[in-house]
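Let me begin by presenting the structure, written as structure tokens, before commenting on it.
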Amino acid sequence: MKTKYLDILEKVFVIIGLTFFSKGFDVGSTPAVPEPIPGLIPPIAISGIRYFVWITSIILIFLRWKKCLAIASKDKYLWILVALILQSYIWSDYPSFTYQGGREIWQMTSFALYFASRFSLREQVQLIAINFGIGGILSIITALAFPAAGLHILDHPGAWKGIYDYKNTLGSMMIIGSLAFYLLPLNNLRTPIRKKIGVILKYSGIALFLAVVILCTSKTSLVIYFLLVGILIFYSKYRWQGKITVIYLDISILILGCVGTLVFTNWVNILSGLGKDHTMSGRTLMWGVMLLRIQDRPWFGYGRGAFWVRSSGYPAQVGGAISHVFVAPHGHNGFLDLTLDIGLIGFTLFMISFLVAFARSLKRAYAAQSSEDIWPLAFLIFLAMNNIMESYLLRVDNIYWVLFVTTVLSVPLHRPKVVMKSQNTCLDTAIKRSQ
């Protein structure tokens, strides 16, 4: 009985941590206006939650230090990358700022290590689904009952942001929630009634997330949502046909990724039809300036976050590509921002860690025995696509880095054996089993 209560407490702690890193406690705040609007929860309370999550994660890691050490050893490139980020204050123009910001990397990474070591992939998907299910429901309640807090007022009037700080954040959170709900394992529900209720809740949640994505008016999130749905449908219908088909599958994934990139960067007519201009709201102009600045410090970058310090002058340079009064808060591209932070060396380390995890995710998805085995692949594809148009990797403390580290450390664990059967069970059977 005592173990059961401790297990419940740990799951509640994870929900609190996921909510914190997804900015769910920033309800009512708006960072995207000239003067940021504080949220309904006092900063001192959010700071308390921050240190509660951090300290508790460290304590729980020490209590399971052997298992955590074994799991941490699954990807040495990740830890070299983390060390590089933490040491980037040495070459930063604002060493104090970069050094203090290092606590965010410690907090995110320690929580992710605990999350990966404590819970199985099945439990991770369930907890992520619960977290964003709560976030979606609270976002609807906030937007309808407290529009001053749940809607954009000054910028993007009428667009939903729910309990989060920005409409694009809400859109991204709902996509992650949709992925988790779609891949939610239900095969542990034994009775037909429970299974039926589980299926109803599962698809009701997916419908809720889609509705909120539409209401937040984030067109990037909407495009990514449908691309990911297409990819998941492709995987759920895939059947083994030998090694040649495995190659076709990899090529299909590559093509889908390229198509997604083209939609965001080159398909002017499509973007114009969605209300975008040919420069994607000035993003390409900003990226041009950022690429020039990367050439100034190519190997180690400017130090985490230092490039975007207002007094550095660089944000004004980047924003000046659009308007002489615009000061860019970030580059709207996670990969370019990461390169500005820690240079081409850091970017290379990230890509090695990402690609190794992606390859492992493919193998796990090929041999999926349950729907949660597809989660690592789905999340990594989402992460790559989402960072083409937004900066969601290293900027501030965020859920994306947490789930990236968790996925990298979790995907090598307990990988099911590949069963090569012609025209036989694969991912579609795995998803059907979960239902």
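Just a few scattered comments:
- Filter result (open to solvent by 20 Å² or more (accessible area, probe 1.4 Å) and not β-branched (Val, Ile, Thr)) within the stretch 114-131: 118, 120, 122, 123, 126
- The stretch 52-74 residues that are within 21 Å of residue 13 (Cα to Cα), paired with ones that are open to solvent by 30 Å² or more (accessible area, probe 1.4 Å) and not in a helix (DSSP H, G or I) (beta carbon under 8 Å, 6 or more apart): 71/413
- Tally of residues being crowded, with 17+ Cβ neighbours inside 10 Å and without any contact (Cβ under 8 Å) to a residue 24 or more places away in the chain across the stretch 327-337: 0
- Positions within the stretch 132-148 being surrounded by fewer than 24 Cβ atoms within 10 Å (Cβ to Cβ) and either within 22 Å of residue 405 (Cβ to Cβ) or in contact with a Lys or Arg (Cβ under 9 Å, 6 or more places away or on another chain) (or both), in sequence order: 142, 143
- Only one of 26, 93 that is under 22 Å from the mean Cα position of the chain (by Cα) and either open to solvent by 60 Å² or more (accessible area, probe 1.4 Å) or in contact (Cβ under 8 Å) with a residue 40 or more places away in the chain (or both): 26
- With respect to the conditions (1) more than 30 Å from residue 65 (Cβ to Cβ); (2) surrounded by fewer than 21 Cβ atoms within 10 Å (Cβ to Cβ); (3) within 16 Å of the chain's Cα centre (by Cα), residue 192 falls short on a single one, namely (3).
- For residue 324, the conditions (1) open to solvent by less than 40 Å² (accessible area, probe 1.4 Å); (2) assigned to a loop (DSSP other than H, G, I, E, B) are fulfilled apart from (1).
- The number of residues in the stretch 52-90 that are within 28 Å of residue 25 (Cβ to Cβ), of a type in the set (Phe, Trp, Tyr) and open to solvent by 80 Å² or more (accessible area, probe 1.4 Å) comes to 2.
- Residues satisfying the stated conditions in the stretch 144-172, i.e. touching a helix residue (DSSP H, G or I) at 6+ places or on another chain (Cβ under 8 Å), under 25 Å from residue 396 (Cα atoms), part of a helix (DSSP H, G or I) and not polar (S, T, N, Q): 149, 150, 170, 171
- Among the residues here, residue 135 does not qualify as in contact with a strand residue (DSSP E or B) (Cβ under 9 Å, 6 or more places away or on another chain) and of a type outside the set (D, E, K, R).
- Residue within the stretch 293-316 that is open to solvent by less than 20 Å² (accessible area, probe 1.4 Å), outside any helix (DSSP H, G or I) and more than 23 Å from residue 388 (Cβ to Cβ) present: yes
The values are calculated or read from the model by the stated rules, or taken from the named source; none is laboratory data. Computed from a predicted model, the values in this text were never measured in an experiment. Ideal geometry is used to build each Cβ from the backbone, glycine not excepted, and the neighbour counts take in all protein chains shown. With ligands, DNA and RNA removed, areas are computed over all heavy atoms of the protein, side chains included. Shrake-Rupley method; radii C 1.70, N 1.55, O 1.52, S 1.80 Å.
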